[in-house]
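In what follows, a single structure is set out as structure tokens and then discussed.
The values are calculated or read from the model by the stated rules, or taken from the named source; none is laboratory data. What you are looking at is a predicted structure, and each value in this text was computed from that prediction instead of being measured. Backbone-built Cβ (ideal geometry, glycine too); neighbour counts: all protein chains shown. Each accessible area value is taken on the protein alone, full model and side chains, heavy atoms only, with ligands, DNA and RNA left out. Shrake-Rupley method; radii C 1.70, N 1.55, O 1.52, S 1.80 Å.
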Amino acid sequence: KKTDNQALVIFGASGDLTERKLIPAVFNLFCGGFLPESYAVIGVSRSEFTDEEYRIKVVFNNEHLKGKSTATEENLERFAKLVFYQAVDTKNIETYGQLKNRLEQLDQEITTKNNYIFYLATPPSLYQTIANGLAENGLNGNTDGWSRLIVEKPFGYDLESAKALNKGLLCSFSEEQIYRIDHYLGKETVQNMFVTRFANSIFEPLWNRNYIHRIEITAAEHVGVEKRGGYYDSSGALRDMIQNHLFQLVALVAMEPPVRPDAESIRNEKLKVFQSLRAYTDQDIKENVIRGQYLNSTVRGEAVKGYREEEGVQDQSKTETYVAMKFFIDNWRWADVPFYIRTGKSMPTRVTEVVIHFKPNHHHLFAHDSSLSNQQNVLVIRIQPNEGILLKFDMKIPGAGFNTEQVNMDFKYDELSNVYVPDAYERLILDCMQGDATLYARGDSTEAAWEFIDPILKAWENDESIPVYGYPAGTWGPENADNLIDGENMNWRYPC
Ligand code: BG6
């Protein structure tokens with residue numbers, strides 16, 4: 001696809017995300033030859049830096065560029081020339097005028113053609129202020145170029161604030177200009193779910209309530225909240241992972257085939273999934289949603305802090321670091337098929353996977369070990385790490401009789417050794433540069449996902465009787481979550 005000359009303006013330029021993800025992503029695009037002929041990155045924040053100081057900070061001294069084989073002195077030098085800095089006090093409308101002048105000046109020097117991506121890597125409380133500031137200075141695409149706005153998560157704090165944010169942004173930018181980023185959608189393996197389903201005639205005919213017994217999604221993290229205790233304590237796993245990342249996986253696994261593989265068609269189908277989620281009653285929430293918080297423990301001989309001992313976390317915090325839930329999608333395809341999803345910090349390992357459990361045969365010809373789980377075909381889509389797809393199916397044990405056993409058919413991405421797999425941010429920024437919003441969340445579906453999540457947040461806030469179960473750091477979360485799974489001898493899959 002053609003990429004217009006343009007500039008990327010990053011608000012929150014001295015923050016962690018910029019150094020850790022955004023600059024490395026643009027650097028990779030630069031090394032891969034994906035940037036247009038004229039291109040600039042303009043870092044914006046309150047601090048005062050000269051262009052040179054900023055280049056030293058985010059390019060030459062950036063720990064996240066250092067290990068890359070492409071980060072040669074020559075490449076870093078050439079890349080640094082594309083990087084500029086402008087101080088803006090986002091709350092002071094006059095300073096946007098200075099930004100505008102700087103952008104116009106750069107446009108004269110390097111012909112970015114008044115095409116801008118404004119990336120909001122700031123605290124969400126500033127999103128609307130920045131969007132207004134840009135619009136009031138005519139930087140919202142009313143000039144002869146285009147403007148796009150990338151908005152980082154969290155997109156809203158609950159349903160009401162998400163609606164207010166959408167409404168507020170729409171006063172300054174149109175929906176087509178707003179790119180709500182969810183980095184899970186930039187992961188190759190997540191996009192491949194779409195291809196697995198709709199390019200293979202062996203899966204899609206079975207992908208429904210007639211053949212699928214249940215669907216399970218796990219996103220486990222080995223790390224705790226690390227240095228983000230302050231942010232995390234006012235967020236929690238439901239807002240941080242479920243409402244966005246895990247629900248995007250649910251949408252991809254459950255959506256109907258779109259009429260075309262384009263942004264609107266795909267996003268229309270995803271919206272319908274969120275609209276079909278069976279709303280929880282207060283009682284359902286108690287029975288189907290489990291929250292937990294990690295406690296201090298010793299993992300492989302080392303002492304690991306409990307959540308409440310982490311920096312920035314309140315002593316009596318009730319914020320959940322683990323959520324497991326069971327829900328239904330009330331539509332033709334999924335009626336009565338349970339979906340089980342869970343996420344947690346401080347788990348035994350880092351793994352994200354989608355597991356499709358197929359129904360067992362109606363009639364068993366062959367001897368089996370008695371558990372139902374040994375009679376079911378299972379498709380495991382491993383999002384990360386060890387990216388790949390695993391199919392479990394029955395095979396005859398060699399020798400007399402017809403005894404069977406489950407075996408694995410396993411595809412691993414790293415077997416495609418010479419294929420370059422771009423980082424999620426790299427892919428998403430490139431898509432936005434080319435005006436392709438397919439892998440970005442649309443406003444209406446963000447609200448529809450909140451609509452389902454909001455009653456859980458409210459119930460947890462208001463009903464003291466709903467427990468926050470403790471689980472020792474380094475374990476798979478509260479044992480009560482096992483009771484969510486219906487069926488004898490059935491449990492979550494515990495990947496190692
Ligand atoms: C972020 C969350 O959006 O996703 C973090 O804020 C989480 O808490 C991270 O650790 C997980 O992303 P990934 O790509 O490592 O699975």
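General remarks:
- Dipole of the chain computed with +1 at Lys/Arg Cβ and -1 at Asp/Glu Cβ about the Cα centre; of VAL195, HIS183, ALA71, farthest Cα towards the positive end is VAL195.
- Scoring 260-267, 346-353, 482-489 by mean Cβ neighbours within 10 Å over their residues and listing the highest first yields 346-353, 260-267, 482-489.
- MRE, 222 nm, helices only [DSSP H, n ≥ 4, -39500 (n - 2.57), over the chain, to nearest 500]: -8500 deg cm²/dmol
- A straight chain from GLU37 to THR50 at 0.36 nm per residue would run longer than the Cα-Cα distance by 2.2 nm.
- Total formal charge among the other residues, if their Cβ is under 12 angstrom from that of LEU22, Lys/Arg +1 and Asp/Glu -1: -3
- As a calculated quantity, the FRET efficiency between ILE93 and VAL259 at R0 = 60 Å, using C-beta atoms, amounts to about 0.85.
- Loop sites in the stretch 88-144: trypsin sites (Lys or Arg not before Pro), DSSP, at most 14 other Cβ within 10 Å: LYS91
- Euclidean distance between Cα centres, the stretch 178-207 to the stretch 258-335, Å: 20 Å
- Rounded accessible area per residue of the chain, 1.4 Å, Å²: 45 Å²
- Full-stretch length increase - ARG209, ASN386 - with 0.36 nm per residue and alpha-carbon distance subtracted: 60.8 nm
- Relative contact order (percent, whole number), the chain, Cα cutoff 8 Å, 6+ residue spacing: 17 percent
- With every protein chain in place, the chain: carbon and sulfur % of accessible area (1.4 Å): 50 percent
- Where chymotrypsin sites (Phe, Trp or Tyr not before Pro) in DSSP loops with at most 10 other Cβ within 10 Å are excluded, longest remaining stretch of the chain: 1-331
- Interatomic Cα distance distribution for the stretch 104-160, bins of 10 angstrom, percent: 22, 45, 26, 6, 1
- Above-threshold pairs, the threshold being 18 Å between Cα atoms, out of LYS286/LYS326; LYS57/LYS100; LYS91/LYS227: LYS57/LYS100; LYS91/LYS227
- Average 1/r across all pairs of distinct alpha carbons in the chain, invert it, and you get the Kirkwood radius: 24.5 Å.
- For the chain, the Cβ-based charge dipole about the Cα centre amounts to some 640 debye (Lys, Arg positive; Asp, Glu negative; other atoms uncharged).
- Cα shape, the stretch 305-425, gyration tensor, a/c 1.5 rule: prolate
- Length added when fully stretched, VAL407-ALA303, from 0.36 nm per residue minus Cα-Cα: 33.6 nm
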